[in-house]
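The values are calculated or read from the model by the stated rules, or taken from the named source; none is laboratory data. Bear in mind the structure is a predicted one, so any value in this text is a computation, not a measurement. Every residue, glycine among them, receives a Cβ derived from its backbone with ideal geometry; neighbour counts consider all protein chains shown.
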């Protein structure tokens with residue numbers, strides 16, 4: 001099978017069959033074929049904003065053990081730095097990155113024409129809202145963003161139970177959120193409020209929230225949560241619930257609150273068009289989505305996207321704890337995010 | 001004719017020596033090669049900068065919208081005022097503090113003076129983020145200052161809001177005072193003791209001598225420094241964003257920074273801002289030139305032995321020591337204590353006895369067991385050392401050419417000063433574009449990071465070299481020239497040895513800056529060219545915030561030991577270099 005296929009490729013038959021195969025993207029290459037092709041490429045350039053020693057290194061170690069001969073070169077950093085890099089590489093005509101993921105990478109990559117649609121075999125089990133029908137992206141893990149409180153500063157009776165509770169004057173100047181202008185930040189929160197309340201009532205709510213002087217921390221939600229834990233702020237507004245769980249396990253005085261609606265975001269894995277190692281990248285995407293890769297994600301404390309693999313702390317999932325989630329389809333998000341950012345600038349900056 | 005305003009002796013000097021028509025090979029080769037190197041380093045990023053500032057992001061079409069939007073923004077004028085206020089006040093604080101410490105350390109006999117050098121070196125070797133985070137924690141809502149205030153007043157409020165203009169000025173001022181100290185210490189070391197002693201003989205008090213002689217002599221160095229620190233403050237992103245952002249104190253750079261964090265990043269606006277800054281800077285440099293035009297007035301290293309003797313502070317010795325200790329506490333002690341406390345905690349906790357039982361060495365264990373640590377350290381040191389060495393080599397020649405008004409001096413001065421207004425992120429992007437268009441595989445290599453450091457830190461190197469040359473009186477070079485030495489020999493045998501202290505200070509400073517640089521490294525570091533600041537930042541942004549402090553302290557400790565070794569070997573080397581008769 002393997003020999004036949006590689007022979008076919010050598011004879012150029014694959015090229016002849018490609019137009020036919022194009023309509024059947026999923027079954028194009030089996031895992032073995034991908035591995036063989038990836039070995040020829042030798043390495044994979046993975047640009048990732050995932051936490052290095054919690055998630056990236058275990059993934060790399062397990063992947064390289066499973067597929068000897070394929071090395072992963074990791075380029076880390078914030079999502080924004082990675083995006084600047086990829087766009088600059090593409091502009092200079094020397095794209096080095098093979099694959100990348102993040103909550104808001106799809107729109108700029110699509111606009112730059114850098115997405116190579118790919119439907120991985122392992123994506124079959126994903127919920128429809130966790131993957132793109134054309135294969136532009138697949139969620140490797142999901143996030144839920146909720147308010148979190150410092151339990152030493154906020155008594156259980158005072159914990160906000162609803163969006164309205166956040167308008168209590170006692171929280172004025174004691175709330176913080178991230179400065180990242182993505183669905184996993186203030187824009188996502190604004191979108192969720194408008195979605196829950198409707199345009200008019202939603203704007204009235206946001207204006208009142210603006211008067212609460214929410215501090216914008218120029219970093220990601222993890223750093224905001226750390227400031228809450230350190231007691232600098234009583235409430236963090238848009239924080240990942242799995243981050244709270246990780247810190248609670250270490251004894252930190254923090255608690256995430258299932259205030260409705262939470263914001264649903266996901267790390268969308270994208271195969272880049274024109275990267276130097278397309279087969280290795282496909283192999284890695286498949287691995288990340290496979291039960292094996294998802295177990296590594298579970299171990300790290302994140303919420304796997306594959307429904308067959310539970311979260312380490314099951315209560316993080318909305319269906320277990322019973323909270324509502326605002327998770328707009330990417331098309332809606334792409335359409336509305338500029339409007340949400342404009343509202344942020346008007347009311348909160 | 002044109003020089004008729006100059007004293008006759010100076011005209012004579014120029015005619016007899018500096019306008020020698022048969023100039024050696026060195027006379028034109030040096031400016032030409034330095035100019036070429038500078039142009040190659042500085043012009044490509046400027047070209048990319050201007051192009052980006054005039055390009056519409058999505059379509060790639062030509063536009064002036066970025067400039068228009070900048071001025072049309074209603075917040076622009078408040079932000080400009082805030083920026084000027086912030087830069088002015090923090091510059092004043094740095095200069096005031098740094099100058100005082102430098103004078104006490106170099107020119108008096110106050111005990112414990114050496115502590116100031118340790119403070120400056122270790123402080124600059126400490127990752128930037130540790131300083132800022134430590135200050136924010138210390139002065140923050142749950143920090144000891146406000147905790148104590150609440151404990152005694154029972155108001156539940158805060159004594160001091162660190163997320164304010166005063167908080168920003170305090171933190172920025174402290175961050176840059178070691179730079180001022182290091183540069184001015186080198187200057188004071190060279191001040192002319194004769195004049196000071198003459199003043200003392202005539203009965204002037206120490207304070208009077210200090211004000212009328214020491215500071216006046218150092219005036220070009222201080223004003224040059226002030227201008228430099230002011231510009232640096234004006235274009236700095238970190239404190240305005242980290243401290244001003246949450247407090248809604250908006251500066252010009254806040255908006256620029258925010259526009260580069262939107263997805264996709266809006267580089268056009270940031271570039272337009274840099275282009276305007278370059279224009280402003282060039283104007284400022286022209287003003288500064290009026291000082292250096294009269295350079296000889298300030299030269300203190302002359303043919304008549306210059307080694308200054310320290311003032312005897314007598315009964316007021318302790319006052320000098322107090323300044324040095326205060327400097328240590330603010331610039332180094334406080335960040336280190338806060339960092340140590342946090343590094344021993346399982347997660348960030350306020351200072352409290354109740355938290356003590358939680359103390360653990362786990363963070364240090366985590367950090368030290370990371371097998372990537374040594375590789376990271378070596379990469380960082382190599383890159384920083386290479387950049388510092390190259391920058392000082394270029395600056396030594398360039399600084400001399402500029403001060404001595406050699407051919408092309410003005411151009412060299414402008415070229416070498418402009419990179420100070422390059423935002424790191426812009427240099428980063430420009431170098432990615434350039435490197436990927438070169439036939440040699442530069443992209444993702446350590447060499448590219450080194451080049452970025454070299455470009456960005458050249459202005460600092462120039463400041464050190466320039467100030468150093470300003471102090472060397474022409475007469476020394478003329479004497480050598482009269483004795484038959486060619487320009488190259490003069491430069492090598494006279495200028496360089498006298499310049500060594502300034503060059504060494506500059507090298508150390510750039511080395512330390514490079515070892516802690518983040519914004520360019522984060523863009524340019526490839527999979528196999530990671531450096532320490534990026535690793536530290538990764539940890540901070542991914543929730544290992546207490547580990548950051550452990551890693552930061554390990555790195556600081558390592559850098560300090562390294563500095564000590566360099567210092568001890570350097571001292572011998574310097575002693576051997578110094579001309580015997582001076």
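Which of the residues spanning the range A:113-134 are in a loop (DSSP other than H, G, I, E, B) and either within 25 Å of residue A:307 (Cβ to Cβ) or modelled with pLDDT under 90 (or both)? The answer is A:117, A:118, A:119, A:120, A:126, A:127, A:132, A:133, A:134. A single entry from B:393, B:411 fulfils the requirement of being surrounded by fewer than 17 Cβ atoms within 10 Å (Cβ to Cβ), under 16 Å from residue B:467 (Cα atoms) and within 24 Å of the chain's Cα centre (by Cα): B:393. When you scan the range B:298-318, do you find a residue that is in a helix (DSSP H, G or I) and modelled with pLDDT of 80 or more, even just one? Yes, that holds for at least one residue.
Just checking, does the range B:172-183 include any residue being without any contact (Cβ under 8 Å) to a residue 60 or more places away in the chain and farther than 30 Å from residue B:498 by Cα? Scanning the range B:172-183, I find no residue that is without any contact (Cβ under 8 Å) to a residue 60 or more places away in the chain and farther than 30 Å from residue B:498 by Cα, so the answer is no. Listed by first and then second residue, the pairs linking a residue in the range A:322-345 that is within 14 Å of chain B (Cβ to nearest Cβ) and surrounded by fewer than 18 Cβ atoms within 10 Å (Cβ to Cβ) to a residue that is modelled with pLDDT under 90 and not in a strand (DSSP E or B), with Cβ atoms under 6 Å apart and 6 or more places separating them unless they lie on different chains, are A:334/A:107. Can you spot a residue in the range B:434-444 that is within 14 Å of chain A (Cβ to nearest Cβ), at pLDDT below 90 and touching a strand residue (DSSP E or B) at 6+ places or on another chain (Cβ under 9 Å)? Yes, the conditions are met somewhere in the range B:434-444. Checking the structure you have, find out if any residue of the range B:274-284 is within 11 Å of chain A (Cβ to nearest Cβ), surrounded by fewer than 21 Cβ atoms within 10 Å (Cβ to Cβ) and within 25 Å of residue B:461 (Cβ to Cβ). The answer is no, given that none of the residues of the range B:274-284 is within 11 Å of chain A (Cβ to nearest Cβ), surrounded by fewer than 21 Cβ atoms within 10 Å (Cβ to Cβ) and within 25 Å of residue B:461 (Cβ to Cβ). Considering the conditions (1) touching a helix residue (DSSP H, G or I) at 6+ places or on another chain (Cβ under 7 Å); (2) more than 8 Å from every other protein chain (Cβ to nearest Cβ); (3) under 24 Å from residue A:152 (Cβ atoms), residue A:220 is excluded by exactly one of them, (2). Based on what the data block shows, is residue A:137 surrounded by 22 or more Cβ atoms within 10 Å (Cβ to Cβ), more than 14 Å from chain B (Cβ to nearest Cβ) and in contact (Cβ under 8 Å) with a residue 40 or more places away in the chain? Yes: the conditions hold for residue A:137.
Assess whether residue B:412 counts as being within 14 Å of another protein chain (Cβ to nearest Cβ) and either outside any helix (DSSP H, G or I) or in contact with a helix residue (DSSP H, G or I) (Cβ under 6 Å, 6 or more places away or on another chain) (or both).
So residue B:412 fails the test.
Could you grab me the full set of residues in the range B:371-398 that are outside any loop (DSSP other than H, G, I, E, B) and within 14 Å of another protein chain (Cβ to nearest Cβ)? If you could, list the steps in order and put the result at the bottom.
So the first thing to find is which residues in the range B:371-398 are outside any loop (DSSP other than H, G, I, E, B), and the list is B:373-398.
Within the range B:371-398, B:373, B:375, B:376 qualify.
Does the range A:225-247 hold any residues that are assigned to a helix (DSSP H, G or I), more than 10 Å from chain B (Cβ to nearest Cβ) and in contact with a strand residue (DSSP E or B) (Cβ under 7 Å, 6 or more places away or on another chain), and which are they? Of everything in the range A:225-247, those that are assigned to a helix (DSSP H, G or I), more than 10 Å from chain B (Cβ to nearest Cβ) and in contact with a strand residue (DSSP E or B) (Cβ under 7 Å, 6 or more places away or on another chain) turn out to be A:241, A:242, A:244.
Taking each residue of the range B:65-78 that is within 14 Å of residue B:55 (Cβ to Cβ) and looking for partners that are outside any helix (DSSP H, G or I) with beta-carbon atoms closer than 9 Å, six or more apart or interchain, yields B:65/B:56; B:66/B:54; B:66/B:55; B:66/B:56; B:66/B:266; B:67/B:54. The residue of the range A:69-78 that is nearest to residue A:45 (Cα to Cα), among those that are buried (at least 21 other Cβ atoms within 10 Å of the Cβ) and without any contact (Cβ under 8 Å) to a residue 60 or more places away in the chain, is A:75. The residue pairs whose first member lies in the range A:25-40 and is at pLDDT below 85, whose second member is part of a helix (DSSP H, G or I), and whose beta carbons are closer than 6 Å, counting only pairs six or more residues apart or on different chains, are A:28/A:21.
Listed here are the residues, each with its yes/no results for (1) in contact (Cβ under 8 Å) with a residue 24 or more places away in the chain; (2) touching a strand residue (DSSP E or B) at 6+ places or on another chain (Cβ under 6 Å).
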position	(1), (2)
A:270	yes, yes
A:286	yes, no
A:290	yes, no
A:320	no, no
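Candidates are the residues of the range A:181-213 that are within 14 Å of another protein chain (Cβ to nearest Cβ) and in contact (Cβ under 8 Å) with a residue 60 or more places away in the chain; the one that is surrounded by the fewest Cβ atoms within 10 Å (Cβ to Cβ) is A:210. Only residues that are within 14 Å of chain A (Cβ to nearest Cβ) and assigned to a helix (DSSP H, G or I) were counted in the range B:123-182, giving 16. Evaluation of residue B:241 against the conditions (1) assigned to a helix (DSSP H, G or I); (2) surrounded by fewer than 19 Cβ atoms within 10 Å (Cβ to Cβ); (3) without any contact (Cβ under 8 Å) to a residue 24 or more places away in the chain shows that the sole unmet condition is (2). Test residue A:264 against the stated conditions and say whether it is assigned to a strand (DSSP E or B) and either away from chain B (no Cβ under 14 Å) or surrounded by 24 or more Cβ atoms within 10 Å (Cβ to Cβ) (or both). Spelling it out, residue A:264 is indeed assigned to a strand (DSSP E or B) and either away from chain B (no Cβ under 14 Å) or surrounded by 24 or more Cβ atoms within 10 Å (Cβ to Cβ) (or both). Please go through the range B:338-370 and give me each residue that is more than 13 Å from every other protein chain (Cβ to nearest Cβ) and surrounded by 15 or more Cβ atoms within 10 Å (Cβ to Cβ), ordered by number. Result: B:339, B:343, B:344, B:364.
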